[in-house]
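Q: One structure coming up, written as structure tokens, with questions to follow.
The values are calculated or read from the model by the stated rules, or taken from the named source; none is laboratory data. In this text the structure is predicted, and so the values were computed from the model without any measurement. When we count neighbours, we look across all protein chains shown, and the Cβ atoms used for this are built from the backbone with ideal geometry, even at glycine.
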Amino acid sequence: MPFQTYDARTDRADLSVTGFVLDIDRFASHDGPGIRTAVFLKGCPLACAWCHSPESQRADPELVYQSRRCTACWSCIDVCPTGALSRGLHEGREFVVLDRTACTECGACTEVCYPGALTMAGRRVTVGELADDVVRDRAFFESSGGGITVSGGEPAAQPTFTYNFLAACRERNVHTALQTTGYARWEIVSRLSSAADLVMYDVKFIDDTLHHHYTRVSNRQILENLRRLVTEHDNVLVRIPCISGVNDSPEQIGDAARVLTEIGVTAVELMPYNAAAGAKYDWVGRSYAFADRETQTEEYMKRLVEIARERGLTVRAA
Ligand code: SF4
Ligand code: SF4
């Protein structure tokens, strides 16, 4: 993608571009100002240990199984071509057992599972279909100062789709927000941001060793992109997900605030740990390493907010 920022006079969205969407959350209140429709895309180059949406990480659609929804009708077993599904019994309750090593994710079982225990996470849509869908919420956007938010996964992992969707929303006079990890080539971060009225930019660690350990990637490009972004975009909100016992010590938040101020960031949001983050790991056959963590107390978060304010940042507690 060539370096080029969005120009409302000349740029036109290509409504035929397709991408993979995980979910659409209407009436979202934590994804930007006002009432918003948040679109969550598939695919993320990071693998944060506390990710609350593990089914968003893979770029392609994947099979999700919620055993508590299974009514033991056994319809799926009959259509599975690989024998990956079998009858199970636990504490007197019957339900299907999924052997992921035998599953090819053909999706046949999802077509017959009416209770929604077996579903495919992720579907392909065009920019035009998605834009028409979200614009149905326009009345709520206008009455609340809201709009749409593109999130993930990582929107920059589908740059052409994300850019054209943001542009399509702008053409429909809808406020646009982008949530990003910033982990992409600068040209992509810059171009996507140019089509967003607000950029919500995640910073997890200042220490690169810790960043790599907990997310599997370096933070060098993320911090360098942020440094450049604040010089060309006037509405950047840095969001720090405060993970209990991982990156939320007063020293770490003070350090982050100092570095962010030096970079030129003016506004941050401190997000307390989401203790329900592990709920979906079972759905994709994975275990959650942070199950024993608790949300910070209100008093503790206030202390972190004060520390960041003392470093000169405008701080919003989520
Ligand atoms: S089709 Fe769905 S509800 Fe029926 S046995 Fe399979 S998983 Fe359970
Ligand atoms: S996705 Fe296909 S292979 Fe996998 S369990 Fe369902 S029917 Fe079987």
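Q: Name the residues in region 270-318 that are in contact with a helix residue (DSSP H, G or I) (Cβ under 7 Å, 6 or more places away or on another chain) and under 14 Å from Asp248 (Cα atoms), would you?
A: Leu270, Pro272, Arg303, Leu304, Ile307, Ala308, Ala317
Q: For Leu46, indicate whether it is in contact (Cβ under 8 Å) with a residue 60 or more places away in the chain, within 12 Å of ligand 2 (Cβ to nearest atom) and crowded, with 17+ Cβ neighbours inside 10 Å.
A: No.
Q: Collect the residues in region 112-145 that are in contact with a Gly (Cβ under 8 Å, 6 or more places away or on another chain), within 16 Å of ligand 1 (Cβ to nearest atom) and not aliphatic (A, V, I, L, M), keeping them in residue-number order.
A: Once the filter is applied, which keeps residues that are in contact with a Gly (Cβ under 8 Å, 6 or more places away or on another chain), within 16 Å of ligand 1 (Cβ to nearest atom) and not aliphatic (A, V, I, L, M), region 112-145 yields nothing.
Q: Let me ask something else. For region 237-262, enumerate the residues that are more than 14 Å from Val315 (Cβ to Cβ) and of a type in the set (Val, Ile, Thr).
A: Ile243, Val246, Val259
Q: How about region 230-281: which of its residues are over 26 Å from Ser56 (Cβ atoms), free of Cβ contacts under 8 Å to residues at least 40 places away in the same chain and not in a helix (DSSP H, G or I)?
A: Within region 230-281, Asp234, Ser249, Gly264 meet the criteria.
Q: Test Asp255 against the stated conditions and say whether it is of a type in the set (D, E, K, R), within 24 Å of Val64 (Cβ to Cβ) and surrounded by fewer than 19 Cβ atoms within 10 Å (Cβ to Cβ).
A: No; evaluated as a whole, the condition is false for this residue.
Q: Could you identify the single residue in Arg100, Arg87 that is in a strand (DSSP E or B) and farther than 20 Å from Ala157 by Cα?
A: Arg87
Q: Does Gly264 count as more than 29 Å from Ala195 (Cα to Cα) and touching a Lys or Arg at 6+ places or on another chain (Cβ under 9 Å)?
A: Taking the combined requirement at face value, the residue does not satisfy it.
Q: If you scan region 74-131, which residues turn out to be under 31 Å from the mean Cα position of the chain (by Cα) and of a type in the set (Gly, Ala, Ser)?
A: Across region 74-131, the qualifying residues are Ala84, Ala102, Gly107, Ala108, Gly116, Ala117, Ala121, Gly122, Gly128, Ala131.
Q: I've got another one for you. If you scan region 83-122, which residues turn out to be under 26 Å from Ala59 (Cβ atoms) and either at pLDDT below 95 or loosely packed, with under 12 Cβ neighbours inside 10 Å (or both)?
A: If the condition is that a residue be under 26 Å from Ala59 (Cβ atoms) and either at pLDDT below 95 or loosely packed, with under 12 Cβ neighbours inside 10 Å (or both), then Thr101, Thr104, Gly116 are the ones that fit.
Q: Still on this structure: For region 50-82, give me each residue that is surrounded by 15 or more Cβ atoms within 10 Å (Cβ to Cβ) and farther than 14 Å from Leu118 by Cα.
A: Trp50, Cys51, His52, Ser53, Pro54, Ser56, Gln57, Arg58, Ala59
Q: All but one of (1) at positive phi; (2) within 11 Å of ligand 1 (Cβ to nearest atom) hold for Ala108, so report the exception by its number.
A: Of the numbered conditions (1) at positive phi; (2) within 11 Å of ligand 1 (Cβ to nearest atom), the odd one out for Ala108 is (1).
Q: Identify, please: which residue in region 123-138 is farther than 15 Å from Arg26 by Cα and not acidic (Asp, Glu) and is, among those, surrounded by the most Cβ atoms within 10 Å (Cβ to Cβ)? Lay out the reasoning, then the answer.
A: Of all residues in region 123-138, those farther than 15 Å from Arg26 by Cα come to 123-129.
Applying the additional criterion that residues be not acidic (Asp, Glu) yields 123-128.
Details: Arg123: 12, Arg124: 13, Val125: 18, Thr126: 18, Val127: 24, Gly128: 17.
The selected residue is Val127.
Q: Scan region 229-258 for residues that are in contact with a Ser or Thr (Cβ under 8 Å, 6 or more places away or on another chain) and under 21 Å from Ala289 (Cα atoms) and jot them down.
A: Of everything in region 229-258, just one residue is in contact with a Ser or Thr (Cβ under 8 Å, 6 or more places away or on another chain) and under 21 Å from Ala289 (Cα atoms), namely Ser244.
Q: Which is assigned by TED's automatic domain parsing to the domain that holds Gln221 and either surrounded by 23 or more Cβ atoms within 10 Å (Cβ to Cβ) or under 22 Å from Arg124 (Cβ atoms) (or both), of Phe141, Phe165, Phe205? Quick ask: steps written out before the conclusion?
A: Working: Phe141 fails: either surrounded by 23 or more Cβ atoms within 10 Å (Cβ to Cβ) or under 22 Å from Arg124 (Cβ atoms) (or both); Phe205 fails: either surrounded by 23 or more Cβ atoms within 10 Å (Cβ to Cβ) or under 22 Å from Arg124 (Cβ atoms) (or both).
When all the criteria are applied, what remains is Phe165.
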